[in-house]
1. Which is of a type outside the set (A, V, I, L, M) and outside any helix (DSSP H, G or I), of G192, G211?
2. Does region 64-77 contain any residue that is among the hydroxyl-bearing types (S, T, Y), part of a helix (DSSP H, G or I), in contact (Cβ under 8 Å) with a residue 40 or more places away in the chain and over 15 Å from A204 (Cβ atoms)?
3. Which condition does T226 not pass, out of (1) out of contact with any Leu (no Cβ under 6 Å at 6 or more places or on another chain); (2) in a helix (DSSP H, G or I), if it passes all the others?
4. Only residues that are within 16 Å of A210 (Cβ to Cβ) and either among the charged types (D, E, K, R) or more than 12 Å from the chain's Cα centre (by Cα) (or both): list them for region 241-252, please.
5. Given the conditions (1) more than 14 Å from the chain's Cα centre (by Cα); (2) closer than 26 Å to G221 by Cβ, which single one is not true for E89?
6. Here are T226, T218: which of them is buried (at least 20 other Cβ atoms within 10 Å of the Cβ), polar (S, T, N, Q) and at pLDDT 85 or above?
7. Can you pull out the residues in region 32-60 that are assigned to a helix (DSSP H, G or I), crowded, with 23+ Cβ neighbours inside 10 Å and not small (G, A, S)?
8. Here are some residues: A189, A213. Which one is out of contact with any strand residue (DSSP E or B) (no Cβ under 6 Å at 6 or more places or on another chain), aliphatic (A, V, I, L, M) and within 18 Å of N36 (Cβ to Cβ)?
Amino acid sequence: MDLILMQLFNGLSVSSILLLAALGLAITFGLMGIINMAHGEFIMIGAYTAYVVQNVWKSVFPESSSDIYFLLEMIAAFFVTAIVGLILERLIIRHLYGRALDSLLVTWGISLVLQQAVRSIFGPANVSVSAPAFLDKNIQVTGMFAMSGKRLFILALAVVCCTLIALMMYKTKQGRNIRAAMQNRDMAASLGVNTAKCDMITFAVGSGFAGIAGCAITFLGPIGPTIGQSYIVDAFMTVVVGGVGKIIGCITGATIIGVGGPTFEFFTSASLGKVMIFIVVIIILQFKPKGIFSMHSRALDD
């Protein structure tokens, strides 16, 4: 029982990272029709931003501990990644709206360019980021089952980010405009919604949350130029299974992929576990082609 509980808790922590990575992806995919294969590199940029902030802070304040600057790492990861996403959206992505296949190829090329840029700047070797000391502690629940402070923090971070996204989408004017553009872009534009501004803000915010996911990943181990590639496929599966543009869909999809994958691997093997979670995804999409929580509108149904 302790092993099962430990595996379930580890699966929930993986789900939290997938949720952070998929939040922005779900909104941008639903709003713009963009298959952004460079989203994994936004995760990588967030991780390396945390690494840079750590090094700069330690060079200026060598006696300080990581407890002081880890919040600065997260804030910097959000804004740096959001700015990079904003620049890419203005220069390249905005010309690809509604062209899913073209966007897949172009953003895949962008991901390779970003990976090589990071290799050129930081080198190909993995680097480490120091986690706050208070996250190194474990909470002992039973004899063999202990909850990692780092994984608990990531779980709480996912809850906070989901709450912020929900407040933005359902309690602000900009959020209402984004939802209107997702349901019927032409009608929203005819009613005065600046859809280009919605695209720009949404892509920047979605990229920023991917940066936060990257910062959270640094708490779990070393990072490298290809760290984003480890999460991009699962992030897309999370979006597709849960439903495009739905926060509750992201949560559901992340739980299925994050908990299901490690659970299957625990009872079988790593390779067979991956196969089984793909089979589960295929079965779900057979009955729910638009995801478990699909968005209904005349524009989408047509």
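1. G192
2. Checked region 64-77: at least one residue is among the hydroxyl-bearing types (S, T, Y), part of a helix (DSSP H, G or I), in contact (Cβ under 8 Å) with a residue 40 or more places away in the chain and over 15 Å from A204 (Cβ atoms).
3. So the condition that T226 fails would be (2).
4. I247
5. Unmet condition: (2).
6. Just one listed residue meets the conditions, T218.
7. M32, H39, E41, F42, I43, M44, I45, Y48, T49 - these are the residues of region 32-60 that are assigned to a helix (DSSP H, G or I), crowded, with 23+ Cβ neighbours inside 10 Å and not small (G, A, S).
8. That would be A213, the only listed residue that is out of contact with any strand residue (DSSP E or B) (no Cβ under 6 Å at 6 or more places or on another chain), aliphatic (A, V, I, L, M) and within 18 Å of N36 (Cβ to Cβ).
The values are calculated or read from the model by the stated rules, or taken from the named source; none is laboratory data. Since the model is a prediction, treat every value here as computed from it, not as a measurement. Heads up, the Cβs are rebuilt from the backbone with ideal geometry, glycines too, and the neighbour counts pull from every protein chain shown.
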